[in-house]
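Below you'll find the structure, written out as structure tokens, and then a few comments.
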Amino acid sequence: MENQVLKKLTEITMSAAHAQSFGPKSSSQMTQPKATDSSPLQLYSLDSGEPRGALAADPPLEPTDALLAELQRDSESLEKATPQEILKWAVDRFAPHFTMATAFGPEGMTIIHMLAEIAPETPIFNLETGYQFAETLELRETVKKRYGIEVEYKYPKTTVQEYEAANGGPVYKTDPNRCCFDRKLSVLHEAAKGWHAWASAIRRDQSPDRAKAPIVGWDRKFQLVKISPLANWTKKEVWSLITSENIPYNPLHDQGYPSVGCQPCTRAVLAGEDERAGRWAGFQKTECGLHSS
């Protein structure tokens, strides 16, 4: 098993240079965004004044001092727990007000596999921006066939065609932060309404932005409890479970794409690069904003 996992990780790394040249064969080609300068991108945030996330739930869950202290204690007590134990705790603590957002990455597929055994009734959704790879979208059907779980698509208010027509072309080419806000973050703000807690698939070793992520904490941006059962796991541990349990995953990972987002803003990484180096290449940006403070 150890050799299988090492072989898989090596394949993903070694295929990066080839994927950089040839790209995914089954996806339509889209122009990569190019930065016009190296200045920081503008930040966008939602400030409607309306209750969001758990504050809009019935009953609402508010971030009182007592709750925040409780979440900190829970997070510390779960530091040595397995992801399955963390998910079981989350379900027991927050269901039926517990949900999961997934982009169908290897970590997300791993959590879906766990939830299928622990709590298959957990609602799971995907932010369908209209720019996702065909390979990513196909995983939704794979999840349904394998686990009997139907992941719900959450859509922006406009189609890609309407959005680009209203903005004089693709926004991701000049202002990817705005594109992410309009087609992902604002959608998640709406999708998070009414839930007390949501599961994320981030790992602390993925990037500096995620390095200090707690197992359990209050998500100030989306105003609900955020649970990261894989925070302490490594890439190797994720792929070990995928290999041993034959968990389905995005075939783009075998073509040098360790992190897969929207197609026009994702490239293959080169050997030795950070696994998120292929996201928004050319811009001072490594996060869409869902998991950054």
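A quick yes/no check of all residues on (1) of a type outside the set (A, V, I, L, M, F, W, C); (2) modelled with pLDDT under 90; (3) more than 16 Å from ILE124 (Cβ to Cβ):
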{"position": "TYR172", "(1), (2), (3)": "yes, no, yes"}
{"position": "CYS180", "(1), (2), (3)": "no, no, yes"}
{"position": "VAL187", "(1), (2), (3)": "no, no, no"}
{"position": "LYS193", "(1), (2), (3)": "yes, no, yes"}
{"position": "ARG204", "(1), (2), (3)": "yes, no, yes"}
{"position": "LEU224", "(1), (2), (3)": "no, no, no"}
(request) Could you please let me know if PRO83 is touching a residue at least 12 places away in the same chain (Cβ under 8 Å), closer than 20 Å to ALA213 by Cα, of a type outside the set (Lys, Arg) and in contact with a Ser or Thr (Cβ under 8 Å, 6 or more places away or on another chain)? (result) yes
(message) Restricting to the range 155-175, name every residue that is under 27 Å from HIS113 (Cβ atoms) and assigned to a helix (DSSP H, G or I).
(response) none
(request) Output yes when any residue across the range 222-238 is part of a helix (DSSP H, G or I), under 23 Å from LYS144 (Cβ atoms) and open to solvent by less than 10 Å² (accessible area, probe 1.4 Å), and no when none is. (result) yes
(request) Determine, yes or no, whether GLU164 is without any contact (Cβ under 8 Å) to a residue 24 or more places away in the chain and open to solvent by 10 Å² or more (accessible area, probe 1.4 Å). (result) yes
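Considering only the range 198-217, how many residues are outside any loop (DSSP other than H, G, I, E, B) and open to solvent by less than 40 Å² (accessible area, probe 1.4 Å)?
Number of matching residues: 5.
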(request) Could you tell me which residue of the range 45-95 is nearest to PHE222 (Cα to Cα), considering only residues that are surrounded by 15 or more Cβ atoms within 10 Å (Cβ to Cβ) and among the charged types (D, E, K, R)? (result) ARG52
(message) Restricting to the range 263-275, and then to whatever is touching a residue at least 24 places away in the same chain (Cβ under 8 Å) and open to solvent by 30 Å² or more (accessible area, probe 1.4 Å), can you tell me which residue is nearest to MET109 (Cα to Cα)?
(response) GLU275
(message) Suppose we filter the range 119-154 for residues that are part of a strand (DSSP E or B) and open to solvent by 70 Å² or more (accessible area, probe 1.4 Å); how many remain?
(response) 1
(message) So for the range 100-119 (the condition being acidic (Asp, Glu), modelled with pLDDT of 95 or more, touching a helix residue (DSSP H, G or I) at 6+ places or on another chain (Cβ under 7 Å) and within 21 Å of VAL187 (Cα to Cα)), does at least one residue qualify?
(response) no
(request) Return the pairs, sorted by first residue and then second, in which the second residue is open to solvent by 10 Å² or more (accessible area, probe 1.4 Å) and not in a loop (DSSP other than H, G, I, E, B), the first residue lies in the range 104-127 and is in contact (Cβ under 8 Å) with a residue 12 or more places away in the chain and small (Gly, Ala, Ser), the beta carbons are less than 6 Å apart, and the residues are 6+ apart or on different chains. (result) ALA116/TYR147; ALA119/VAL91
(message) So, in the range 205-216, exactly how many residues are of a type in the set (D, E, K, R) and farther than 23 Å from GLY53 by Cβ?
(response) 1
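Residue-by-condition table, conditions (1) part of a helix (DSSP H, G or I); (2) at pLDDT below 55:
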{"site": "SER15", "(1), (2)": "yes, yes"}
{"site": "SER27", "(1), (2)": "no, yes"}
{"site": "ASP37", "(1), (2)": "no, yes"}
{"site": "ASP47", "(1), (2)": "no, no"}
{"site": "PRO63", "(1), (2)": "no, no"}
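The values are calculated or read from the model by the stated rules, or taken from the named source; none is laboratory data. This one's a predicted model, so the numbers in the text were calculated from it and none came from an experiment. Every residue, glycine among them, receives a Cβ derived from its backbone with ideal geometry; neighbour counts consider all protein chains shown. Note: accessible area is taken over every heavy atom of the protein model, side chains too, but ligands, DNA and RNA are not part of it. Shrake-Rupley method; radii C 1.70, N 1.55, O 1.52, S 1.80 Å.
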